[in-house]
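J.: Got a structure for you, written out below as structure tokens; questions coming shortly.
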Amino acid sequence: MLKHLYDTDCVTWSPQGKLFQVEYAMEAVKQGSICLGLKSSDYVVLCSLKRQPSELAGYQEKQFKIDDHMAIAIAGLTADARVLCKYMRTECLEYKYTYESHHPVGRLVFKVAEKSQHKTQSGAKRPYGVGLLVAGIDPNGVHLFETCPSGNYYEYKCQAIGSRSQAARTYFESWFHLFEKSTLEQLVLHGLSAIKKAIMEDEELNEKNVEVGILGKNQKFLHLNAQELKDYITKLEAFNPNSQIQQE
């Protein structure tokens, strides 16, 4: 059977039981530049690799603040990410206006997943071609969620999405048991180490092409500035996760 007969909308199933438009959206996430998140008992860190479309262009933004207690990192279509970002910000404002408190992280992620899933139920719509890593803190603790174009969502201790993200996940599988008790500095260095594992051989990390966001129990979301990033990248050369095991 010809594939193009079944990919004109997202409600037509192929003979193999696939929805090709949903798979195309998932592929858009895989083609996006890598972003990752990891958390400890007190902090959650988002790290992203920024791309430059051309030498005449600036680097593309990869992280967006939703509220003081929540932020997202994206892989995929930035335009779709901005739609979901605006929706999440609106939901947080309405919740704060109604209940005078921050929106619970898990509940908002569920709303985003439900909104994404609705896009897969109508032939007149298409799935969002973006994956989100949602970092947040609420009375239930520190959270890191991933949402997919299909409407699925999961909570992780650490996760990486986007191009060449398997290398970062392999790094996480080796060291995630250290993250729970890590300091903020160690957590950032682990994140940058995972990014470094995933980039091309001819690329190098610098303060221009990497973005790091930090959220803590007693700290609102913030981005590291260029000088702070430069300092962390310098420390990365001497960073050895095994030394953290010895300290414990």
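J.: Once you order the gyration tensor axes a ≥ b ≥ c over the Cα atoms, which shape class does region 33-87 get: rounded for a/c under 1.5, otherwise prolate or oblate by comparing a/b with b/c?
T.: oblate
J.: From the cross-link list Lys111/Lys235; Lys125/Lys220; Lys115/Lys208; Lys115/Lys235; Lys18/Lys196; Lys115/Lys217, which pairs have alpha carbons spaced over 31 Å apart?
T.: Check vs 31 Å cut-off fails for Lys111/Lys235; Lys125/Lys220; Lys115/Lys208; Lys115/Lys235; Lys18/Lys196.
J.: Rounded, prolate or oblate for region 80-136? Axes are the square roots of the Cα gyration tensor eigenvalues, ordered a ≥ b ≥ c, and the cut-off for rounded is a/c under 1.5.
T.: In terms of gyration-tensor shape, prolate.
J.: Along its three principal axes, how long is the chain when you only count alpha carbons? Whole Å, largest extent first please.
T.: Taking the Cα atoms of the chain, the three principal extents are 58, 49, 38 Å.
J.: Provide the per-residue ³J(HN,Hα) series for region 87-93, in order, calculated from phi with Karplus coefficients 6.51, -1.76, 1.60 and θ = phi - 60°, each as a whole number of Hz, with x at glycine and proline positions.
T.: So the Karplus estimates, Gly and Pro as x, are 4, 5, 5, 5, 4, 5, 5 Hz.
J.: What 222 nm value per residue comes from the helices of the chain, counting each DSSP H run with n ≥ 4 as -39,500 (n - 2.57) and dividing by all residues, nearest 500 deg cm²/dmol?
T.: For the chain, the value works out to -12000 deg cm²/dmol.
J.: Additional query: With a ≥ b ≥ c taken as the square roots of the eigenvalues of the C-alpha gyration tensor of region 34-137, please select rounded if a/c is under 1.5 and otherwise prolate if a/b is larger than b/c or oblate if it is not? Please report the intermediate quantities before stating the final value.
T.: Numbers: a/c = 1.85, a/b = 1.15, b/c = 1.61.
The shape class here is oblate.
J.: Among Gln31, Gln60, Gln16, determine the one that fluctuates most according to a GNM of the chain built with springs between C-alpha atoms less than 10 Å apart.
T.: The residue that fluctuates most here is Gln16.
J.: Further question: Excluding Val11 itself, calculate the net charge of residues whose Cβ lies under 12 Å from the Cβ of Val11, where each Lys or Arg counts +1 and each Asp or Glu counts -1. Don't skip to the end; give the middle numbers.
T.: Values: positive: Lys119, Lys125, Arg126; negative: Asp7, Asp9.
The answer is +1.
J.: Counting pairs of alpha carbon atoms under 8 Å apart in space and at least six apart in sequence, what relative contact order in percent does the chain give? Before the final figure, lay out the partial values.
T.: Details: 481 pairs, mean separation 63.7, N = 248.
Here the relative contact order equals 26 percent.
J.: Here's a follow-up. In a Gaussian network model over the chain where Cα atoms closer than 10 Å are linked, find which of Ser116, Ser33, Ser54 has the largest mean-square fluctuation.
T.: So, out of Ser116, Ser33, Ser54, the one fluctuating most is Ser54.
J.: Amide H of Ile34 versus every other amide H placed in the peptide plane: which residues, excluding those fewer than 5 positions away on the same chain, fall under 5 Å?
T.: For Ile34, the qualifying residues are Leu49, Ser163.
J.: Enter the accessible area per residue of region 130-214 (Å², integer; probe 1.4 Å; all protein chains in place).
T.: Numbers: 3710 Å² over 85 residues.
Normalised by residue count, the accessible surface of region 130-214 is 44 Å².
J.: Here's a follow-up. On the protein heavy atoms, probe 1.4 angstrom, tell me the percent of accessible surface of the chain carried by carbon and sulfur.
T.: The computed percentage sits at 49.
The values are calculated or read from the model by the stated rules, or taken from the named source; none is laboratory data. Predicted, not measured: the structure shown is a model, and the values here were computed from it. Glycine gets a Cβ as well: all are built from the backbone with ideal geometry, and neighbour counts include every protein chain shown. Remember, those area values only see protein heavy atoms, side chains included, never the ligands or the DNA or RNA. Shrake-Rupley method; radii C 1.70, N 1.55, O 1.52, S 1.80 Å.
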